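Data first, discussion second: the structure below is written as structure tokens.
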Amino acid sequence: MSSIASHRRVLLLGILVVALPIVTWLATPRLPALGSFRDQFSGGSIFPASQLPFDRQSIGTSPELPPWISHVQIVDLDQDGEADILACDALSHRLLWYRRNADGTWKETPLGTDLATPAHATVVDLDADNDLDILVAVLGNAFPDDSHVGRVVLLENNGTGYDRHVLLEGTRRIADIQAGDLDGDGDLDLTVAEFGYARGRVLWLENQGPRQFREHELLYAPGTINVPMADFDGDGDLDIAANVTQDDEELWLFENLGKGQFHRRLIHKWLNFDVGGSGMIPSDLDGDGDFDLLVTVGDNLEYAYTFPQPYHGCFWFENIGEWNFKRHRLSNLGGTHAVAVADLDGDGDNDLVLASMFNEWYRDDTASLAWLENDGKQGFRKWQIDSKPTHLVTVAVGDINGDGHPDIVAGGWHVIPPYRRLGAVTAWTNKNGQR
Amino acid sequence: MTKRATTLLKIVLAIEFIGLGAVISSRLLRPQPPWPRVAELVDTATADDFVQLREQAASTDQPGAWLALGQAYSVHGFFPEADLCLGRAAALDPGTPDHWFWWGVTLNRLGLTRGSSEKLQMAIDREHPETDECRYIIARNQLREDRSDEAEATLRKIGHNHLPGRYLLAYLMVHTNRAAQALPIIEQLADKYRDVHRLVQLRARAWEQLGKSKEARADRELADRLPETIGTDLAAEWLGTLVPQFGLDRQIANANPLGTPRGFERVPQRLREILEISYRPRVARILASLDMALGRPQAAVAVLEELIGRNGEKSETLEELARAYQAVDRPDLALRSRQRSLLYRVDADVCRRAAELLQKLDKPGEAAMRSLADYANGLAAYRNNRLDIAVSSLQKAIEANADHAPTWFYLGESLRHLDRAKEARPAYRRCLELRPHHGAAADALRRLDKPR
């Protein structure tokens, strides 16, 4: 009996010895994965929610397609005492003028059509007839293109509408135009950023009579996006700044020597090929009476695969005299594409508004619009205003509702996924008085 | 005997328990593949692909499966998730250089440059076939960290046949005020790659630094006429090679083999299905051209009109629409579409076809349009440094229309660069008669008239 039991035990053990690996072999692939990875990296920029309240409002009709707004500005175009909004729509190739209705909604009026990807509009009384004309920088193509598709277009205010004139053609893509009297002869000359793609130039156009401009080359370099004018050395004439952002990532200043002569100075260069210069404005940020430069870096448009980078953000180039500028990094907002200056909180100093085109948009909480609160000594605290719409490339500040507080308007260029949280022209009204 | 067998079996069983227990626990503890929270934002075909690749990685835990999932995530911009997957592939099979390479490329896009360089170095150590590419991306990482000296040292290890690497080395030297040292490298490259504008542009910068303004100007002008470039964003280029391997893009790529004589008819249907999944302008344009090739111009008109409605007007799309209108016998609409195309870009072929339509519709402007076609031809030849062709096209354009200032300007430029200054002068002068404020023409003329 015991012998039979022993044999049974051996048999059972034998079966187990054979079966166990087989069962394990069969079952193992079906076992669920219960482990987890270390923490997943997240590179998006998120800041504390702004304590200064803002109300978001879409301007114009809601976009059905991913919008391509390349530039917005707040300006009293019809000089009726109320601020309007002017936007360049690179998808429909139009310039859009928004006027505020009494109920707070906005009326959209196309001003210029067939503008072949307008990049920037500059409002100025070019012909000195006491109304505002519009200079439009025409890219010709939103995508990399080295051919001669750019134009400088003038929409001349005739009192009842706008007459269209081409001031310069046969150039590569034009990204920016600014106006000012550069040669001291009392009329307005122009600076032009011929962005191009692999080739481009910085030009100034000498006003030689009604709608007649002679071009002069200041710099041969592809990828210039901004050519603002300001008196950087305080000698009473306008100098020119240029933000070069393609093969070279450089900031240039052109000192006005008078009589149409300029001396060029390289004030900063990044050896980081990827830095992605995206914007520049002159501003007396520290209120010391001279013009500084605010520069944003965060352009990833050359990449199909974008992600906010640690070196992105906003820099203040403090004018310390004698054509020297001291660099300060003010923010690390990923994909920063534009900056505007205003005293948002009404405490008497200059705050900054930053717009991001390339934050981590697969997340819902990353900042698309932020403001930097100035402590009065150019120390800045970062606040997140909003996380939508995403892909903001342009921002402007001004009082759009006449309540005395500076509001914000920004434009979205949705050319890279994800295509959600879309927005064309969006305003954030400043509710500082209601804090 | 039975007792000994029992003991032996018990020992075997115990060993099995320990061994298999370890297998089961390691199996249970393997990490779950990450899932992007917003994965549904991609099209449904790609999302389905993600699901399959994820299941494969989860069930097999094989390095190849993790690599594929990581690459798919990377291609669609889900870099944090790709980082985890590619890290797992490298951990499971550290001997395969590709795992480290793709991990390094992904970390590069995430901005984790130190990690990226480490992984790419691991790929180099494991004899990855693209060692120079790895080193180039490492150098770019070092530049992003403001470590230009280290970047230069890395670039010096790159083989002399790697154009982007050698270019970047020369670029760094020029931009750190060592133009004289950089020039031999640039010259060597420019000798080998004669049509690359970036090299000549960099050489112009080097001449400028050395105070040789005449040489700098000559090189700037030459750079303006050279058609080739150097691709410098290698990390993105490598990611680009993966695009056709996943999701909807794979379906688009697979639609091409359908285009055999027997399968040709099926392609438009497949492309329409793809457009239903996710609207892609590129696919719409392929579909329209297939519809045209298959003799269905009305369908092509519908596709192209929708494309313009969704994606705005582009010169190429407008020209394709014009061809489709012509095929459905709407020359009036074709002409309008072509004229709109010319608002965006002056193209010789579009001008020629527009001229034919003007003639057919008995409308004025045919000669001017043909002249514009010759101008566009001349300008294209000029931009490609084919100066003889440029001269003959521009002269032909002038025969039909002698009042177009840009034609005279580029004729002057072409002749000047051919060292035919005597003929160039009157061309510039005529340009200035037509447009007295043409600065470039005035400058060129001034330089020609300046005593040498």
Using the charge dipole of chain B (Lys, Arg: +1 at Cβ; Asp, Glu: -1 at Cβ; taken about the Cα centre), state which of B:13, B:223, B:373 has its Cα farthest towards the positive end. B:223
Size of charge dipole - chain B - debye, nearest 20, with Cβ of Lys, Arg +1 and Asp, Glu -1, no other charges: 720
Rh by Kirkwood over Cα pairs, then Stokes-Einstein D for region B:65-216 at 0.890 mPa s and 25 °C, µm²/s: 148
Which semi-axis lengths, in whole Å and largest first, follow from the square roots of five times the eigenvalues of the Cα gyration tensor of region A:168-306? 25, 19, 11
Kirkwood hydrodynamic radius of region B:25-135, Cα pairs, Å: 14.1
By the scheme Lys and Arg +1, Asp and Glu -1, what is the net charge of all other residues having a beta-carbon under 14 Å from that of residue B:181? +3
Evaluate the Debye formula for region B:154-300 with equal point scatterers sitting on the alpha carbons, no solvent, and hand back log10 of I(q)/I(0) at q = 0.19 Å⁻¹, in q order, two decimals. -1.00
Could you work out how far helix B:131-144 tilts from the main Cα principal axis of chain B, as a 0 to 90 degree angle to the nearest 10? 80
D (Stokes-Einstein, µm²/s), Kirkwood Cα radius, region A:319-415, 0.890 mPa s at 25 °C: 172
Nearest 10 degrees, 0 to 90: what angle lies between the long axis of helix B:315-327 and the longest principal axis of chain B (Cα atoms)? 80
Per-selection Rg to Rh, region B:316-357 - Cα, Kirkwood hydrodynamic radius: 0.92
If you take every residue apart from residue A:368 with its C-beta less than 13 Å away from the C-beta of residue A:368, what net charge results, scoring Lys and Arg +1 and Asp and Glu -1? +1
Charges at C-beta only: +1 for Lys and Arg, -1 for Asp and Glu. How large is the resulting dipole of region B:260-337 about its Cα centre, in Debye rounded to 20? 280
Span from the region B:179-240 Cα centroid across to the region A:383-423 one, whole angstrom: 40
Residue A:119's amide H: which non-local residues (gap 5+, or another chain) put their own amide H closer than 5 Å, with H modeled 1.01 Å from N in plane and none for Pro or chain starts? A:137, A:138, A:139
For residue B:212, which lysines qualify as cross-link partners when the Cα separation must be under 30 Å and same-chain residues fewer than eight apart are set aside? A:259, A:269, B:192, B:422, B:450
Sequence-separation-based contact order of region A:361-435, relative, with Cα cut under 8 Å and 6+ spacing, percent: 24
Please work out the Cα center distance from region A:131-158 to region A:62-77, rounded to the nearest Å. 16
Note, region B:167-177: 3J(HN,Hα) by Karplus (6.51, -1.76, 1.60, θ = phi - 60°), whole Hz, Gly/Pro = x, goes 4, 5, 4, 5, 4, 4, 5, 4, 7, 10, 6
Chain B - convex hull of the alpha-carbon atoms, volume per residue in Å³: 220
A correct Stokes-Einstein calculation for region A:1-91, using the alpha-carbon Kirkwood radius, 20 °C and 1.002 mPa s, returns a whole-number D in µm² s⁻¹ of 95
Between region A:1-42 and region A:102-128, how far is it from one alpha carbon centroid to the other, in angstrom? 75
Positive dipole terminus of region A:318-435, leading residue within A:409, A:342, A:378 (C-beta point charges): A:409
Projecting the Cα atoms of B:408, B:317, B:335 onto the charge dipole of region B:314-452, where Lys and Arg contribute +1 and Asp and Glu -1 at Cβ, the residue farthest towards the positive end is B:408
Return the average number of partner chain Cβ atoms within 10 angstrom of each residue Cβ along peptide B:309-315. 5
Provide Rg over Rh for region B:78-163; use the alpha carbon set for both Rg and the Kirkwood Rh (inverse mean inverse pair distance). 0.98
Averaging 1/r across every pair of distinct alpha carbons in region B:270-324 and inverting yields a Kirkwood hydrodynamic radius, in angstrom, of 10.9
Under the rule rounded for a/c under 1.5, else prolate if a/b exceeds b/c, else oblate, using alpha carbon gyration tensor axes a ≥ b ≥ c, region B:320-403 is classed as prolate
Other protein chain Cβ atoms within 10 Å, averaged over every residue that makes up A:13-23: 4
Contour minus end-to-end for residue B:243 and residue B:362, with contour as 0.36 nm per residue of separation and end-to-end as the Cα-Cα distance? 38.0 nm
Tell me, what HN-Hα J-couplings in whole Hz come from the Karplus equation 6.51 cos²θ - 1.76 cosθ + 1.60 at θ = phi - 60° for each residue of region B:373-379, using x for Gly and Pro? 5, 5, 4, 4, 4, x, 5
Neighbourhood net charge (11 Å Cβ-Cβ; Lys/Arg +1, Asp/Glu -1) for residue A:185: -4
For chain B: relative contact order, % (alpha-carbon pairs under 8 angstrom, 6 or more apart): 7
Below 8 Å between Cα atoms, with a sequence gap of 6+, how large is the relative contact order for chain A in percent? 14
So, with +1 on the Cβ of K and R and -1 on the Cβ of D and E, and no other charges, what is the size of the charge dipole of the protein assembly as shown about its Cα centre, to the nearest 20 debye? 5000
Can you pull the Rg over Rh of the protein assembly as shown, Cα-only, Kirkwood? 1.04
What Kirkwood hydrodynamic radius, in Å, does region B:263-368 give when the mean of 1/r is taken over all pairs of distinct Cα atoms and then inverted? 14.2
Ellipsoid equivalent to chain A - semi-axes via the Cα gyration tensor, in Å: 53, 24, 23
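Every number in this text was worked out from the coordinates using simple rules, so none of it is lab data. Owing to the predicted nature of the structure, the values given are computational and were not obtained by experimental measurement. Glycine also receives a Cβ, built like all others from the backbone with ideal geometry; neighbour counts cover every protein chain displayed.
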